[in-house]
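Peer 1: Pasting a structure below so you can have a look.
Each value in this text was obtained by applying a stated rule to the coordinates, not by laboratory testing. Values in this document were obtained by computation on a predicted structure and should not be read as measured data. Here the Cβ positions follow ideal geometry from the backbone for every residue, glycine too, while neighbour counts run over all protein chains shown.
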Number of protein chains: 4
Amino acid sequence: MTHDSTRPRLRLAMIGGGQGAFIGGVHRMAARLDDRFELVAGVFSSQAERNLATAHELGVDKTRCYANHEALLAGETPREDGAEVVAIVTPNHLHFPAALATLEAGLHVVCEKPMTLGVAEAERLARAAAASQRRFVLTHNYAGYPLVQHARALVARGELGRLRHVQVEYLQEWLSEAPDAANRQAAWRLDPARAGAAGCLGDIGVHAFQLAQFISGQRVDQVSAELSSAVPDRALDDNVQALLRFDGGARGMLWASQTAAGFENALSIRVIGERGSLQWAQETPNELWFKPLNGPSQRLTRRDDALSAEIGRGVRLPGGHPEGYIEAFANLYQALADDLAADEHSAWLPGIADGVDGMRFISAALASSQAAGSWTSLTQRGAPDA
Amino acid sequence: MTHDSTRPRLRLAMIGGGQGAFIGGVHRMAARLDDRFELVAGVFSSQAERNLATAHELGVDKTRCYANHEALLAGETPREDGAEVVAIVTPNHLHFPAALATLEAGLHVVCEKPMTLGVAEAERLARAAAASQRRFVLTHNYAGYPLVQHARALVARGELGRLRHVQVEYLQEWLSEAPDAANRQAAWRLDPARAGAAGCLGDIGVHAFQLAQFISGQRVDQVSAELSSAVPDRALDDNVQALLRFDGGARGMLWASQTAAGFENALSIRVIGERGSLQWAQETPNELWFKPLNGPSQRLTRRDDALSAEIGRGVRLPGGHPEGYIEAFANLYQALADDLAADEHSAWLPGIADGVDGMRFISAALASSQAAGSWTSLTQRGAPDA
Amino acid sequence: MTHDSTRPRLRLAMIGGGQGAFIGGVHRMAARLDDRFELVAGVFSSQAERNLATAHELGVDKTRCYANHEALLAGETPREDGAEVVAIVTPNHLHFPAALATLEAGLHVVCEKPMTLGVAEAERLARAAAASQRRFVLTHNYAGYPLVQHARALVARGELGRLRHVQVEYLQEWLSEAPDAANRQAAWRLDPARAGAAGCLGDIGVHAFQLAQFISGQRVDQVSAELSSAVPDRALDDNVQALLRFDGGARGMLWASQTAAGFENALSIRVIGERGSLQWAQETPNELWFKPLNGPSQRLTRRDDALSAEIGRGVRLPGGHPEGYIEAFANLYQALADDLAADEHSAWLPGIADGVDGMRFISAALASSQAAGSWTSLTQRGAPDA
Amino acid sequence: MTHDSTRPRLRLAMIGGGQGAFIGGVHRMAARLDDRFELVAGVFSSQAERNLATAHELGVDKTRCYANHEALLAGETPREDGAEVVAIVTPNHLHFPAALATLEAGLHVVCEKPMTLGVAEAERLARAAAASQRRFVLTHNYAGYPLVQHARALVARGELGRLRHVQVEYLQEWLSEAPDAANRQAAWRLDPARAGAAGCLGDIGVHAFQLAQFISGQRVDQVSAELSSAVPDRALDDNVQALLRFDGGARGMLWASQTAAGFENALSIRVIGERGSLQWAQETPNELWFKPLNGPSQRLTRRDDALSAEIGRGVRLPGGHPEGYIEAFANLYQALADDLAADEHSAWLPGIADGVDGMRFISAALASSQAAGSWTSLTQRGAPDA
């Protein structure tokens, strides 16, 4: 399918996303929606057979289906028509080596979260990104929803006055019971060797954290957390409760759970200031509630003329025509393509700084929980470690 | 972008959909989402300059950018790599000649609604389609939502018992005032020469009608209608009120309005039987309400295991990850591609019969309104006129 | 319990409302809530034993428990402490004789709807009321909700501009099946001898009609109706579909059903004008939606400072503290007490004119349905018949 | 107004509730609704003039309008027709002395929350109540909603399996700004001398706490809290964030705020177990969500046949006829009247044990907040101090 634009399509490679994976397919639909990318190469699986089968299904030439990321970079970088952007959609433990190598090879990166396994890796990657002059997009995809961006703009514009409270939660039910052995998604997400030291915290808690910082425009200074696991023999947390203190004076609470029976993918946030509040929920993403102090609540939609031109680029349909998860995800790819075409930086596009903050949050929450919930700083802000 | 399938992409041509059009771009995104189609040719505008500019934007080779549908068919049919499917997304008056010629040229058709300008054209096209052995998809896109299909399946399965009431409405506000002269969408939709004799009735009323028949599994026998226009000097109706009698015994009401201030794209339906009811609204398409008699209402979502495998093919994401208008639209293209690959017919896919019924409904509603709302039959059901 | 007011309590008699009745108990709670009435006498049942047992339960002296309304009026009017207000809560066929006699005896009336069995009785009662200088309150209780009154005020104030559409519906499920023989409520409501010629139409359709006129400030000129019954051997309609033409130019639709499986007491209304619309639903009565053209919808609550002082009298609690059906019902009694104390007339309080209009609507809808839905005038408006 | 019962009305006295008070009027409406109480005496204000004026308004004989609670008890206890029940609706600091004296005088108590100023007073009162054999009702009125009681029953019945998470919040906006000097409500609630050491915590946080224990059937063992105040020069907290550990293994979070701009009276709770969750919100009290694991959410209403007979006594209207705050409040008075008539104890009726737990929670939360959120036990459970 051709693209709705005269701009040439960017050549995309993918690491991860083999048969049975979830997020790889989402990245492909997101990249495809606006016809700005073309998938040309990949390492889709560490299993050779699955790797080739996926390449075949996706129409990727088998000569550009590589055994590992080193081979991919070695094969693609010399080509005139080699990949320009690499999407990294593997389990967590592979993000860092793949992303670092990609940046060092001079290609742009689109990377899944959590960015790395720890703070040191995150900071190492941040330095590499800064040195590389390449783009690094971290797929905190919920930031791609136009009304999330609008919420952020309303806060920044001062519509709520000084912020007081930030309440965020991310609830899923899918790990309420011990998963089937056949569930590939559950298998790696509950395995410390592949997921890292954080379970629910790293999988969805970090999304909630990023969203809270994204909309509030404030950064979390300190956290008091209680991690727990409801299911026997589970190595990682499946539930996170946390109190937050923000650098701009707001206080907040964060609840992330994968044992919240009855909830599918219930990410939601409320940001409350002196003069009103905003409320948004991912499962009904086409509405944003603005609740002014002492006045009637207002249901904002994508039709709202107050949407800035920048946000409007991510709106494909008139109000009342629902856009969803794929469209929001696609907005990250769209913004990257626009940015590269115009040599600009979309301020909202989540990137390396979100990743460093996210890893600091994970690290601090783990430490706090181990210390009976004592308030723990997200240290070394702005002071890169040596 | 490559496709998630080993099946080759279908070659698509488009008639209509030049710069400034709305629905052409939707068709392109819908066709692109699952990577099953490739746009190779088109007549994007009757204005030569706009036509070429659109082709350029879309990456269509200028030698396959044609002046009219006759030229397109003449140019494409001899080619080995010629278009296989033609999407017709023009103003209404051009649907019939383009679709007829396309079928006669042996290509498959995806056509916008209302299918034709009148019943005779519709029946003529039906005969042509039957003779051609080609596929004809009518983009009653709301049938593409998985939960709409699930509602239809629940009714067919008898979960509601015998149906009693079918209430459907489709409300928009965008024609509440006389539109700007620059509004290309409004211009043709309010011009009898291009839109036909029906305004709101043909534009959105026919969607509501199709949805009512689609979910209820009953056909409308008789209609009592009142058409009106709220804005001075408007040549066509902008509001439709109708009472319906269905062939299976249900009674219903239909309200379609483009002067419903405060409503964006509010298509909704309730189907009520002896033992319970179903309720669905397009602006919140990821939930379907099942309200059993004397029991608690249930909010069904796409996660519901009761979704049949056929419906499940149109679900790309787990529950709680919202899918929207583009995804539903894409399900029509996906089903066409699947059907052609497997030489099957998706029973739910709206086609020529929906188009004939739709034109009969439009015709009967116009007649009833002119006759002070007298009950008017949708005549000649199953009896093609000569 | 004593009253929150220095004003003396009004002495109330009740006709109807014996054991097993529904609405009589509601009237008593409503009258009691603000402590402005004292029940002193009654005819609670035509069965002597039930009559006395009810009086005993209610603490009414047995000497003031009468066999019929004639006896009640004969017994109470001579007493210095005799009843001042008579609440008539019988089956429909008794409203007229009891109300007429009460007015002629010089007492105030609170009467259930539908006011009479036909137009002639209604007009006769209207003349009697005019002649009597007594108050006549018709318990169209939904008008008692503060936000319904606020909706009416917003329309009157011109906030919506000229009205175009009025959509009202009243859905219940309780008659979806043939009721148990033991169901006293169903028994008289489905019996033409006691309910009159209209079933669902007279029981709840007339509420919907009154609400439409009440909020819109327009009167219905003509109706096109289709009455039907879904349950075998049911003598009266259980479903009403109607198109409406209002004297101010608005068009509307009315749907009332007692076979709407899955709906409990779903009265709702939308009033749409040039510049916006209002939406209210009885099951969530503490919110009123104001949907301006092209702008964000607003959720108005009782806290809204725009509530006029008159409306505010009927608000007993701050916003966020739900008020319900009883409170709204009580507002009719409260307004009557206030009116009598101050010798004023609350303009909103439903009365004899609502009753005459209601009977004309019932009569016209029955006639239209018998005439295949032909548009039928609500004749003799303002021209009392001889 | 007479009562719907042959049982004699209970004679009620009131301490507090003078002109300008809020909750006193609510108690009077609640006591009046079912006609089971008669207000006969009171101390409505410490200001003599206001006291008498209130008595006059309420129809209380001036000889039974007393200067203080000692005088009231001295005056009423010798009378044959003396008050039987005393409602205490004063500012917090007066609850303890009035309640203690009333119990010691042998009368039943209905008391506002928070029960006392501290744990020692609460335990002292508990001993007095136990010794007195009189009833002590604590108006945690939200427990009076039928669907709250139904939620509690569903949990107790094991419908959710073992509980994992209890999330409760109570949000108001009314103290977002420094209140007017004329605001009597705000004045005492923000004054440590009258409200106690807890502001928002004692005013609404304790309601949230009670609701969490009430529905979950578990008691809070430990709390980690952060109290704060958003408005300058405010002596007491206006915001409470807390993590909770329950004795049955559940974990929870509690947020109470009176600076939550945009929220009116938003008390809500979610209780989540292995097999499903329940969700209820006070502003829409006529629905209770049951969300089974991996299945469609269900909207339970008061019509649900699963409501036990005990709960059903507090339901006055069929489903779809909204009941609200006053009705729920009235259920406490109704249950007290029923209990006294039948010499029974309604297990659900909040009383002295809720008060002791509430004061221990307040005390522990204050201590935790002062200790940087360290986990603090609600000590001495079941072990009355000497």
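Peer 1: Inter-copy label distances at C:Ala156, 7 Å along the Cα→beta-carbon direction, one decimal in nm, shortest first?
Peer 2: Relative to the other copies, C:Ala156 has label-point distances of 4.7, 4.9, 5.4 nm.
Peer 1: When Lys and Arg each count +1 and Asp and Glu each count -1, what net charge do the other residues less than 13 Å away from A:Glu159, Cβ to Cβ, add up to?
Peer 2: Its environment carries a net charge of +3.
Peer 1: Moving to a separate point now. D:Asp61 label points, 7 Å along Cα→Cβ, one per copy: pairwise distances from this copy to the rest in nm, shortest first?
Peer 2: Relative to the other copies, D:Asp61 has label-point distances of 1.9, 10.5, 10.7 nm.
Peer 1: For the protein assembly as shown, give the magnitude of the charge dipole about the Cα centre (Cβ charges: +1 Lys/Arg, -1 Asp/Glu; no others), in debye to the nearest 20.
Peer 2: 0
Peer 1: OK, next. Based on the Kirkwood radius over alpha-carbon pairs, what is the Stokes-Einstein translational diffusion coefficient of the range C:129-265 at 4 °C with 1.567 mPa s viscosity, in µm²/s?
Peer 2: 79
Peer 1: Additional query: Can you give the three extents of the C-alpha atoms in the range A:10-141 along their principal axes, from longest to shortest, in whole Å?
Peer 2: Taking max minus min along each principal axis of the Cα atoms, the range A:10-141 gives 37, 32, 30 Å.
Peer 1: Tabulate in residue order the Karplus-calculated ³J(HN,Hα) for the range B:85-90, using 6.51 cos²θ - 1.76 cosθ + 1.60 with θ = phi - 60°, rounded to whole Hz; enter x for Gly and Pro.
Peer 2: Going residue by residue, I get 10, 10, 9, 10, 10, 7 Hz, with x marking Gly and Pro.
Peer 1: Beyond a 31 Å Cα-Cα separation, which of these cross-linked pairs lie in this structure: A:Lys291/B:Lys113; A:Lys62/B:Lys113; A:Lys113/C:Lys291; A:Lys291/D:Lys291?
Peer 2: As for pairs spanning more than 31 Å Cα to Cα, those are A:Lys291/B:Lys113; A:Lys62/B:Lys113; A:Lys113/C:Lys291.
Peer 1: While we're here: For D:Ala235 paired with B:Ala156, estimate the spin-label separation in nm (one decimal), with each label point 7 Å from Cα along the Cα-to-Cβ line.
Peer 2: So the two model labels end up 7.2 nm from each other.
Peer 1: Moving on. What do you get for Rg/Rh over the protein assembly as shown if you use C-alpha atoms and the Kirkwood form of Rh?
Peer 2: Checking Rg against Rh, the ratio lands at 0.99.
Peer 1: Could you work out the Kirkwood radius for chain B, taking every pair of different alpha carbons, averaging 1/r and inverting it, reported in Å?
Peer 2: Result for chain B, one decimal place: 21.4 Å.
Peer 1: Turning to a different aspect of this structure: Smallest Cβ-to-axis distance in chain C, for the rotation taking C to D: which residue, how many Å?
Peer 2: Nearest-to-axis residue on chain C, with distance in whole Å, is C:Gly324, 2.
Peer 1: Same structure, new question: I'd like the GluC sites (Glu not before Pro) in the range D:301-386 restricted to DSSP loop residues with at most 11 other Cβ atoms within 10 Å, sorted by number.
Peer 2: Counting only loop positions with at most 11 other Cβ atoms within 10 Å, the GluC sites (Glu not before Pro) in the range D:301-386 are D:Glu344.
Peer 1: Now for a different question. Every other copy gets compared here: list the nm distances from the D:Pro78 label point (7 Å along Cα to Cβ) to its counterparts, shortest first, one decimal.
Peer 2: 4.5, 11.3, 12.2
Peer 1: Dipole size in debye (nearest 20) for the range A:1-91 around its Cα centre, Lys and Arg Cβ +1, Asp and Glu Cβ -1?
Peer 2: Charge dipole, the range A:1-91, about its Cα centre: 100 debye, nearest 20.
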